[in-house]
Every structure is written in C-alpha cells, then in structure tokens.
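See structure below.
The values are calculated or read from the model by the stated rules, or taken from the named source; none is laboratory data. Everything quoted here is computed from the prediction, not taken from an experiment. Quick reminder, even Gly has a Cβ in these numbers, built from the backbone with ideal geometry, and neighbours come from all protein chains shown. In case anyone asks, the SASA skips ligands and DNA or RNA and just uses the protein heavy atoms, side chains included. Shrake-Rupley method; radii C 1.70, N 1.55, O 1.52, S 1.80 Å.
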Amino acid sequence: MIDGATRLVGLLGAPVAESLSPRMQNAAFAARGLDWAYVPLEVEPTRLAHAVAGLVAMGVAGANVTIPHKQAIVELCDEADGDSVNTLVIRDGRVQGFNTDRAIVAGIASKRVCLIGDGGAAKALLPELSGDVRIFSRKTEWPPDGTGADLIVNATPVRDELLVEPRGDQNVVDLAYNADGRPTALVAAARDAGCELIVDGLEALVRQGAASFELWTGVSAPVEVMRAAVGLPA
C-alpha cells in the first residue's frame, strides 16, 4: 500500500511498458521490509528535462534511466559518472547520475571484444570492458564481425535477429531480453554453440538493478529475490 510515507523510485524511458524492473525492484523492497515503491514512467525525449525537474520537486528518491535517455540525462545531472547514466539518486534537491550497467560485465576478462551498438548502453559498458574493443553499429561499421573476438556483447534492443553467430570458445553478453523469459536469438545461438559464459538480458537486469538498489537505499540488495522475480533460478 502506497501512502504519504512511501519513498518513490521511477523508471524513465520510452517504452517502459514491458520492463521487468518494477516487478524486480518492488520484490526487493518488500524483501528488505522497506516502504518504497518503484513505478515505470513513460517519458518522451522532449519531456525529459521536465520529468527530472518533477522528480526533484516531488522528493522522489531516484530513478533508473533506460532507452533512449542514458546519454541525454547526463546534462540534467548535478554530478554524473561518465557520459552514460542509468541510475539517478536524488538527495537534498541534487541529482547524482551513476552507471551501474558496469556491473553487468565486471570481472569478465577479454582480449578482444565485439561490441554491438554505440548508444548509451554500449557507452555505459565501455569503461569496464578489457582488451581491444571493436564497436559495430548501423551508422558506422555493419554487419558485426565476431572474428577473433573472445567476448561478444549485444548492447542494442535487438532480440529476434541474430546479428552475429557465436562460437563455442566465445563468451556472450546480451542486454536485450524478452519479458516472457524466451531467450533472444543471440542467447539461443550461444547456448547451442556451447559457449561457457553467457550473461543473458535477465541476468544483466539483475546485476545492474542490484547495484542501483544499494545506491538508493544504502541496504544490501536481496539478489536471490530479484533473480526469482524475473524468472531466473536461485
């Protein structure tokens, strides 16, 4: 039950209707006994500045930021962690921007990376990727070429088209996911190829979401609860 004491967190993006973040974060708040609520907020690019000002005016605790706002939101922050932000923390009227997307690929060693996409999601991962990173996008170099790469990363919303064929000796990270749990084309191909390390979009969602939860609340994230909320095994 939301009342006047409930702390609010939002999700700024377009579209947000299929996002599993509200289900995941609200389960996490409940598990930690916090009177907090997470709500999706559909915001078009032309209204982003008004939306952020509204969050500050209403005393909202923070927000996640998703497509297409991760880069544009930076200039609306009082402080920002790099040039791509996916998490806002609002305290004393100030907006702090953080990049918890880095947690998705933290600890994954690589010598050469095939990074698909050049938007906010891709730029958020770059500081944490090791080795030689080759970026592919429809605006620059296309189609993607995974030759010689030991890590393939899909940082686009593409789910049903196989943009590059993975091999069994490659690791795969896919930020895209289907809300019903079906594997994306890339994840399905990686499983068929026998790739040892596969981080699918649901696992990616939990990794960055747990880091965001801790920034907002100062409390350790109930990761297993969050995993269960999006349909992942414990």
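For ASP180, the conditions (1) open to solvent by 60 Å² or more (accessible area, probe 1.4 Å); (2) closer than 21 Å to ASP118 by Cβ all hold with the exception of (2).
Looking at VAL133, VAL153, which is the one that is within 21 Å of the chain's Cα centre (by Cα) and either surrounded by fewer than 18 Cβ atoms within 10 Å (Cβ to Cβ) or touching a residue at least 60 places away in the same chain (Cβ under 8 Å) (or both)? Of VAL133, VAL153, the one residue that is within 21 Å of the chain's Cα centre (by Cα) and either surrounded by fewer than 18 Cβ atoms within 10 Å (Cβ to Cβ) or touching a residue at least 60 places away in the same chain (Cβ under 8 Å) (or both) is VAL133. Does VAL113 meet the test of being among the aliphatic types (A, V, I, L, M) and within 15 Å of VAL187 (Cα to Cα)? Taking the combined requirement at face value, the residue does not satisfy it.
The requirement of being open to solvent by 40 Å² or more (accessible area, probe 1.4 Å) and either modelled with pLDDT under 95 or over 13 Å from LEU215 (Cβ atoms) (or both) is satisfied by ALA72.
The residue list GLY168, GLY181 contains one member that is in contact with a Gly (Cβ under 8 Å, 6 or more places away or on another chain) and at pLDDT below 95, which is GLY181.
The single condition from (1) in contact with a helix residue (DSSP H, G or I) (Cβ under 6 Å, 6 or more places away or on another chain); (2) part of a loop (DSSP other than H, G, I, E, B); (3) not hydroxyl-bearing (Ser, Thr, Tyr) that ILE104 fails is (2). Looking across ALA5, ALA57, ALA28, ALA51, one residue alone is open to solvent by less than 20 Å² (accessible area, probe 1.4 Å) and either hydrophobic (A, V, I, L, M, F, W, C) or free of Cβ contacts under 8 Å to residues at least 24 places away in the same chain (or both). It is ALA28. Every condition in (1) open to solvent by less than 30 Å² (accessible area, probe 1.4 Å); (2) modelled with pLDDT of 95 or more; (3) within 22 Å of the chain's Cα centre (by Cα) holds for VAL158 except the one numbered (1).
For the stretch 39-97, residues that are within 19 Å of SER19 (Cα to Cα) and among the acidic types (Asp, Glu) total 2. Is it true that GLU196 is in contact (Cβ under 8 Å) with a residue 24 or more places away in the chain, out of contact with any helix residue (DSSP H, G or I) (no Cβ under 9 Å at 6 or more places or on another chain) and assigned to a loop (DSSP other than H, G, I, E, B)? So GLU196 fits the description; yes. Note on the stretch 60-101: among residues that are farther than 12 Å from ALA124 by Cα, among the charged types (D, E, K, R) and in a loop (DSSP other than H, G, I, E, B), the one that is nearest to the chain's Cα centre (by Cα) is ASP78.
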